[in-house]
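Just below is one structure, and these are the notes that go with it.
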Amino acid sequence: MVSTFQPSERAKAAGAPVEVDISNLKPGEMMTVEWRGKPVWILKRTPEMVASLKQTDGKVADADSKRNPEEFTPEYARNEHRSIKPEILVAVGICTHLGCSPSSKFTPGPQPSLPDDWAGGFLCPCHGSTFDMAGRVFKNKPAPDNLQVPRHMYAGETKLVIGRDQNGEA
């Protein structure tokens, strides 16, 4: 009888860590994988994308990811690039405002619904929240927090594990 209270194999699989091969991801490319029913973006940032983060530091609401850190940003990602490796962003692709999925707007410069000094990032089409290349929300936008960085770790140079880190599983 006690075993009936244990999660089913299907339930375990739904929350299980996901291993992702990122060996074919080229600079400037992003892939999406599913973890716990959520889209998780893996972006291999170019040197220019990484450099753009310095430009946006003063324009984002929570540059150091200090708001709700336990929920949104593991300790190892509480840095300017919000990642373990500066060139790889791992973020849940769900806006922290009302749960819409932002779209990638990596091309810098003036564009519809974006500021003239846009350095690249993400735009939520629902209510206009904008996020930089580290998933940090810009000031005075509806989204209250940065995009979530899920617990993750590297199991080799090109294998990423989402949902587990050195502290265990999420």
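The values are calculated or read from the model by the stated rules, or taken from the named source; none is laboratory data. Note that the structure is a prediction, hence the values are computed from the model and not measured. Methodologically, a virtual Cβ is constructed for each residue, glycine included, from the backbone with ideal geometry; neighbour enumeration extends over all protein chains shown. We work out accessible area using only protein heavy atoms, side chains counted, and drop any ligands, DNA or RNA first. Shrake-Rupley method; radii C 1.70, N 1.55, O 1.52, S 1.80 Å.
Mind checking whether some residue in the stretch 76-92 is within 15 Å of Lys141 (Cβ to Cβ) and open to solvent by 30 Å² or more (accessible area, probe 1.4 Å)?
Residues of the stretch 76-92 within 15 Å of Lys141 (Cβ to Cβ): none.
No, every residue in the stretch 76-92 fails to be within 15 Å of Lys141 (Cβ to Cβ) and open to solvent by 30 Å² or more (accessible area, probe 1.4 Å).
Mind telling me which of the residues Glu71, Glu48 ends up being acidic (Asp, Glu), in a helix (DSSP H, G or I), within 21 Å of Phe138 (Cα to Cα) and modelled with pLDDT under 95? Lay out the reasoning, then the answer.
Working: Glu48 fails: modelled with pLDDT under 95.
Sole residue among the options that is acidic (Asp, Glu), in a helix (DSSP H, G or I), within 21 Å of Phe138 (Cα to Cα) and modelled with pLDDT under 95: Glu71.
Counting only residues that are open to solvent by less than 30 Å² (accessible area, probe 1.4 Å) and without any contact (Cβ under 8 Å) to a residue 24 or more places away in the chain, which one in the stretch 110-129 is farthest from Thr56 (Cα to Cα)?
Narrowing the stretch 110-129 to residues open to solvent by less than 30 Å² (accessible area, probe 1.4 Å): 114, 118-124, 128-129.
Then drop every residue that is not without any contact (Cβ under 8 Å) to a residue 24 or more places away in the chain, which leaves 114, 118, 123, 128.
On the way: Leu114: 14, Trp118: 9, Leu123: 15, Gly128: 17 Å.
Per the criteria, the residue is Gly128.
Which of the residues spanning the stretch 132-170 are basic (Lys, Arg), under 18 Å from Thr56 (Cα atoms) and open to solvent by 50 Å² or more (accessible area, probe 1.4 Å)? Explain how you work it out, then say what you get.
Narrowing the stretch 132-170 to residues basic (Lys, Arg): 136, 139, 141, 151, 159, 164.
Going one step further and asking which of them are under 18 Å from Thr56 (Cα atoms), we end up with 136, 139, 141.
Lys139, Lys141 - these are the residues of the stretch 132-170 that are basic (Lys, Arg), under 18 Å from Thr56 (Cα atoms) and open to solvent by 50 Å² or more (accessible area, probe 1.4 Å).
Identify the residue in the stretch 51-68 that is open to solvent by less than 70 Å² (accessible area, probe 1.4 Å) and in a loop (DSSP other than H, G, I, E, B) and, among all such residues, is farthest from Ala119 (Cα to Cα). So that I can check it myself, show each step before the final result.
At the first step, the residues of the stretch 51-68 found to be open to solvent by less than 70 Å² (accessible area, probe 1.4 Å) are 51-53, 56-58, 60-63, 65.
Remaining after also requiring in a loop (DSSP other than H, G, I, E, B): 61-63, 65.
Details: Ala61: 16, Asp62: 17, Ala63: 15, Ser65: 19 Å.
Among residues in the stretch 51-68 that are open to solvent by less than 70 Å² (accessible area, probe 1.4 Å) and in a loop (DSSP other than H, G, I, E, B), the one farthest from Ala119 (Cα to Cα) is Ser65.
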